[in-house]
Structures are given as structure tokens and as C-alpha cells.
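Have a look at the structure below before the remarks.
We did not get these values from a lab; they are worked out from the coordinates using the rules stated. As the structure is a prediction and not an experimental result, all values here were calculated from the model. As a convention, Cβ positions derive from the backbone with ideal geometry for all residues, glycine included, and neighbour counts pool all protein chains shown.
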Amino acid sequence: MEYYQTITLKDGATCVLRNGAAKDGPSMLEFFLLTHGQTDYLLSYPDETDKTAEEEAQFLQDKTESADEIELLAEMDGKIVGSAGIGRVGTTEKVKRRAEFGISVDKNYWGLGIGRALTQACIACAKSAGYAQLELDAVADNERAIALYRSAGFVEYGRNPRGFHSRLTGWQTLALMRLELY
Ligand SMILES: CC(C)(COP(=O)(O)OP(=O)(O)OC[C@H]1O[C@@H](n2cnc3c(N)ncnc32)[C@H](O)[C@@H]1OP(=O)(O)O)[C@@H](O)C(=O)NCCC(=O)NCCS
């Protein structure tokens with residue numbers, strides 16, 4: 001899917017939301033490694049990633065060409081400061097109307113409205129792709145993310161007390177959330 005939007009952030013700065021493309025492979029990989037080292041709320045640690053810039057470029061190309069998946073990035077002055085995406089849960093008839101959502105923003109840019117704008121853009125893309133439900137798992141003590149999701153309309157439908165095992169804090173409970181789109 002393709003997407004392009006220019007937004008004004010809370011501090012008045014301009015930010016572009018657009019679908020990532022093959023040319024963004026190296027900078028998206030750099031962004032991925034940065035954000036995965038900034039918080040303990042994401043799925044993996046930077047040292048667990050063995051993907052290459054070429055693989056990231058192919059991933060972004062595939063998403064651009066997809067009719068129902070997208071990887072969005074937030075860009076300021078040519079620098080990637082956020083990313084978010086939707087991916088299908090599965091292709092079989094029973095699950096094909098469900099999509100998963102994921103997001104991260106560079107910690108140096110938190111609180112400016114980038115996370116909310118990326119979330120709203122992904123919800124719009126999920127609707128236009130025809131999904132009936134958008135889903136995510138969030139570490140239950142990730143207050144900033146949970147507040148964002150709740151205000152976007154996501155509701156919690158359960159918890160997994162052993163969802164993640166953190167190197168720093170041990171077991172992390174995951175809150176399972178979903179948003180009905182139609
Ligand atoms: C969660 C995350 C994406 C939010 O991005 P952001 O750009 O800071 O978000 P925004 O500035 O748009 O703020 C969104 C909402 O977060 C909430 N929020 C902001 N600051 C907060 C704080 N200090 N405490 C609690 N909630 C807060 C508010 O509800 C805010 O909405 P509002 O400003 O309209 O009231 C970002 O913090 C992040 O990338 N965290 C690390 C990765 C992560 O946790 N990803 C999600 C995994 S499930």
C-alpha cells in the first residue's frame with residue numbers, strides 16, 4: 001500500500017508520514033536497531049537482529065506492492081523518527097479479516113504527536129484494506145502506549161502474564177487489545 005501525509009506536530013514542526021520504500025532499507029534498519037535499544041517494551045533486542053539492509057529494503061518493497069499491508073514511516077528533515085505498520089494475521093478465510101498493528105517512535109521524539117498520527121494513519125489504511133479488526137499486544141505497564149491505544153478506540157480483551165521475558169525485569173504481562181473497524 002502507498003500513503004503520504006504531511007502533519008504539523010505539537011511543537012509546530014513538520015513531519016511526513018509515508019510508506020517506506022526499498023530505498024529506505026538502510027535507514028529503516030538503523031532506526032529499528034535504535035528503537036529496540038531504547039525501551040524494554042518491544043519484541044526483541046538489537047543484538048538478536050540479523051537482518052540486513054537489503055532484506056529490510058525487500059521487506060519495504062513487498063509492503064509497498066501489497067494490497068493490504070503497509071509499513072509507514074515518520075520522517076523529519078529526511079530522518080526517520082517513527083514507524084508503524086499493519087500486517088495480515090493470515091490468509092485463510094477464517095482469519096483474513098484480522099490485521100496486526102505495531103509501532104515505535106525514536107525516544108528523542110516522544111510526546112510530539114507522532115505516535116498518535118501514525119496510529120490514526122494505520123487505522124485508516126486497515127479500513128481501506130477492508131480489515132474488520134486491528135489487533136496488538138502491549139506490555140501492560142507500557143502506560144504511554146496503552147493510553148494511546150485506548151484513546152484510539154482499542155479495548156483490552158485479555159492478558160498473558162508470561163508474554164515476554166525481559167533481560168532486565170523477568171516476566172512481562174502482555175495486554176491483548178483489539179479495535180473493531182466495521
Ligand atoms: C508508544 C509510542 C509509540 C508513543 O509515541 P509518541 O510519539 O510519544 O506518542 P504521542 O506523542 O502521539 O502521544 C500519544 C499519547 O500517549 C499518551 N502519553 C503521552 N505521554 C504520556 C505519558 N508520559 N504517560 C502516559 N501517557 C502518555 C497520551 O495519551 C498521548 O496522547 P495525547 O498527547 O493526545 O494525550 C512511543 O512512546 C514508543 O515508541 N514507545 C516505545 C516502543 C513501544 O512501546 N511501542 C509500542 C509497543 S506495543
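With K and R counted +1 and D and E -1, the other residues having a Cβ less than 13 Å from that of Phe154 yield a net charge of -2. Quick check on the chain: helices-only [θ] at 222 nm, where DSSP H runs of length 4 and up contribute -39,500 (n - 2.57) each and the sum goes over total residues. Nearest 500, please. The per-residue figure over the chain is -9000 deg cm²/dmol. Placing R0 at 41 angstrom, the Cβ-Cβ distance between Asp77 and Glu156 gives a FRET efficiency of 0.65 after rounding to 0.05. With the simple spin-label model, which puts each label point 7 Å out from Cα in the Cβ direction, the Gln58 to Trp110 separation comes to 3.4 nm.
Overall, the anisotropy analysis places region 103-160 in the oblate class: the square-rooted eigenvalues a ≥ b ≥ c of its C-alpha gyration tensor yield a/c not less than 1.5, with a/b not exceeding b/c.
Considering only Pro26, Leu73, Val95, and ranking their Cα positions along the charge dipole of region 18-102 that arises from unit charges at the beta-carbon of Lys, Arg, Asp and Glu, the one farthest toward the positive end is Val95. When the charge dipole of region 44-182 is built from unit charges on Cβ atoms (+1 for Lys and Arg, -1 for Asp and Glu) and taken about the Cα centre, the candidate among Met177, Cys125, Tyr109 whose Cα reaches farthest toward its positive end is Met177.
Bridgeable aspartates and glutamates around Lys51 (alpha carbons under 16 Å apart, same-chain partners fewer than 8 residues away excluded): Asp24, Glu30, Asp62.
Compute the FRET efficiency between Thr173 and Lys23 as 1/(1 + (r/R0)^6), taking r as their Cβ-Cβ distance and R0 = 22 Å, and round to the nearest 0.05.
Working from the Cβ atoms, E equals 0.05.
Bridging of Lys10 to lysines at a Cα separation below 30 Å is possible for Lys23, Lys63, Lys79, Lys107, Lys127, once same-chain residues fewer than 8 apart are set aside. The calculated FRET efficiency for Lys10 paired with Lys127, based on their beta-carbon distance and R0 = 30 Å, is about 0.75. Taken as entire DSSP H runs, the helices of the chain that both span 15 Å or more between Cα atoms along their own long axis and average -1.0 or more on the Kyte-Doolittle scale are 25-38, 114-128.
Under a Cβ-only charge scheme (Lys and Arg +1, Asp and Glu -1), can you give me the dipole magnitude of the chain about the Cα centre, in debye to the nearest 20? Present the calculation step by step, with values, prior to reporting the outcome.
Numbers: 20 positive and 27 negative charges, 149 e Å.
Computed about the Cα centre, the dipole is about 720 debye.
Label reach from Arg88 (point 7 Å along Cα→C-beta): in region 1-18, amide nitrogens under 15 Å belong to 1. The spacing between region 50-81 and region 94-120, judged by their C-alpha centroids, is 14 Å.
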